[in-house]
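Presented below is the structure to which this report refers.
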Number of protein chains: 2
Amino acid sequence: MARIENYPSQVLQDAVEAISSLPGVGSRSALRLALNLLGRPAEEIGQFAGAIGRLATDVHYCRRCMMICDGDLCPICADSRRDQSVVCVVASVRDVLSIEATGQYSGVYHILGGIISPIDGIGPSDLKIAELRDRVSAGGISEVILALSGDVEGETTSFYLYRQLAPLGVKITTLARGLGFGDDLEYADALTLGRSITSRQPFKP
Amino acid sequence: MARIENYPSQVLQDAVEAISSLPGVGSRSALRLALNLLGRPAEEIGQFAGAIGRLATDVHYCRRCMMICDGDLCPICADSRRDQSVVCVVASVRDVLSIEATGQYSGVYHILGGIISPIDGIGPSDLKIAELRDRVSAGGISEVILALSGDVEGETTSFYLYRQLAPLGVKITTLARGLGFGDDLEYADALTLGRSITSRQPFKP
């Protein structure tokens with residue numbers, strides 16, 4: 001006897017499979033989302049698909065820092081009030097948004113587009129490292145902040161960048177690591193707590 | 001000083017707004033999903049958008065039961081081994097998938113495409129009720145099961161359907177309501193428990 005085992009329609013199945021390729025979206029959620037879309041007027045579905053499709057065709061990248069933007073240069077690189085001599089090197093667009101959200105940084109950025117990861121087949125030539133070196137070589141940059149993740153890949157990438165940039169005579173710094181503000185010692189992981197002790201700082205009352 | 005307050009690009013913002021229109025997806029999740037898509041090869045983004053867009057253009061509806069399918073008639077309506085004389089009336093495609101997942105039903109379906117809801121401006125003429133009446137009038141149907149939600153709108157729709165179909169002489173049934181299997185009396189809502197008592201059934205040992 002015919003039963004609708006999974007999907008009653010190939011078109012629906014394709015949409016569900018596409019949606020469930022997103023991180024954190026399981027196949028049941030994807031079905032729910034696809035049926036929600038299916039229940040909308042055709043014009044609205046087309047607009048939805050168009051907004052996604054334009055991510056592939058209409059996004060521009062800042063020619064200086066590789067941030068996504070609408071023009072040739074992003075608003076940060078184009079702003080003379082931001083300190084164009086301090087460059088914060090990050091892995092992704094999301095990292096820029098996270099740092100901007102703190103409101104604590106007034107320099108500019110350089111987006112690598114990932115980090116060195118031999119397991120994923122990502123080497124230095126896959127990242128915007130040559131562009132960073134060229135940018136520093138061109139002069140006018142006094143400090144490069146390496147703001148990469150604290151895992152092995154991040155540390156490897158930071159070390160690689162250090163070796164590339166140190167000969168250029170630029171000051172190279174990295175993010176402070178330690179206990180988060182408000183963190184309880186009891187719940188801190190041993191590595192973080194250990195580094196917090198060895199990297200202890202003068203108490204400022 | 002220029003800060004990237006929300007979105008560095010209109011294209012990204014459009015995508016985030018589209019994605020956050022999905023039920024249960026907040027703007028932070030939508031940004032995460034949009035950045036995930038943005039990080040994919042252009043071809044893959046295009047395929048994703050295409051799979052969504054085809055929901056508007058390529059989905060077919062079964063001419064008999066309104067189920068989504070790939071052809072003219074859905075696999076259930078096309079199957080002579082399913083009891084074509086018993087029609088289960090549901091609100092949506094999702095309800096069909098839920099009932100099919102039980103493996104307990106061997107009849108066919110009729111999808112109304114919603115329920116009567118004056119607040120949302122949905123009246124009988126917005127639903128596939130005339131089609132249901134025509135289907136029953138055409139003969140060959142012995143029973144119509146009203147499988148709508150137990151809320152006011154669902155009850156209203158069931159009552160409306162009853163008045164439409166009863167003159168045609170067809171047997172009209174509805175889903176059993178009561179405590180769920182394994183439910184604890186202590187945690188049952190008063191309405192359900194009350195109806196379970198008034199609609200009590202013979203004990204079958």
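If the label for B:Leu191 sits 7 angstrom from Cα along the Cα-to-Cβ line, what are its distances to the same label in every other copy, in nm to one decimal, shortest first? Shortest to longest, the spacings are 5.3 nm.
Between the amide H of A:Asp83 and those of A:Gly107, distances stay under 5 Å, these residues lying 5 or more places away or on another chain, with hydrogens modeled in the peptide plane. Counted over chain B, the DSSP beta bridges are approximately 20% antiparallel.
Taking label points 7 Å from Cα along the Cα-to-Cβ direction, A:Arg63 and A:Thr192 give a separation of 4.2 nm. As a length-normalised measure over Cα pairs under 8 Å and 6 or more apart, the relative contact order of chain A settles at 12 percent.
The calculated FRET efficiency for the pair B:Gln201 and A:Arg40, based on their C-beta separation and a Förster distance of 51 Å, comes to about 0.75. Shielding of peptide B:35-43 by partners, expressed as the average count of other chain Cβ atoms within 10 Å per residue Cβ, is 5. The overall shape of region B:47-205, judged from the alpha-carbon gyration tensor, is prolate: a/c is not under 1.5, and a/b is greater than b/c. Rounded, prolate or oblate: which fits region A:18-65 when a ≥ b ≥ c are the square roots of the eigenvalues of the alpha-carbon gyration tensor, with rounded for a/c under 1.5 and prolate only if a/b beats b/c? Verdict is oblate for region A:18-65.
Averaged over the residues of A:10-23, the number of partner chain Cβ atoms lying within 10 Å of the residue Cβ comes to 6. Pairs on different chains or at least eight residues apart, Cα atoms closer than 28 Å: how many lysine pairs in the protein assembly as shown fit? The number of close lysine pairs in the protein assembly as shown is 4. From the alpha carbon centroid of region B:131-148 to that of region B:159-205 is 21 Å. Considering only beta bridges that DSSP places wholly inside the protein assembly as shown, some 20 percent are antiparallel.
What you get for region B:57-205, charging only the Cβ of Lys and Arg (+1) and of Asp and Glu (-1), is a dipole of about 640 debye around the Cα centre. Here is how far apart the A:Val152 label points are across copies: 6.1 nm, shortest first, using a point 7 Å from Cα toward Cβ.
This model, with +1 at the C-beta of Lys and Arg and -1 at the C-beta of Asp and Glu, gives region B:59-140 a dipole about its Cα centre of some 160 debye. Rounded, prolate or oblate: pick one for the protein assembly as shown, where a ≥ b ≥ c are the square roots of the eigenvalues of its C-alpha gyration tensor, a/c under 1.5 means rounded, and failing that, prolate if a/b is larger than b/c, else oblate. Prolate shape, in that a/c is at least 1.5 and a/b is the bigger ratio.
Where chain A is rotated onto chain B, the residue of A whose Cβ comes nearest the axis, and that gap in whole Å, is A:Ala49, 2. Inter-copy label distances for B:Glu44: 3.0 nm (label point placed 7 Å from Cα along Cα→Cβ; shortest first).
Rule-based calculations on the coordinates, nothing more; no lab input. Quantities reported herein were computed from a predicted structural model and do not represent experimental measurements. Positions of Cβ are backbone-derived with ideal geometry, glycine not excepted, and every protein chain shown enters the neighbour counts.
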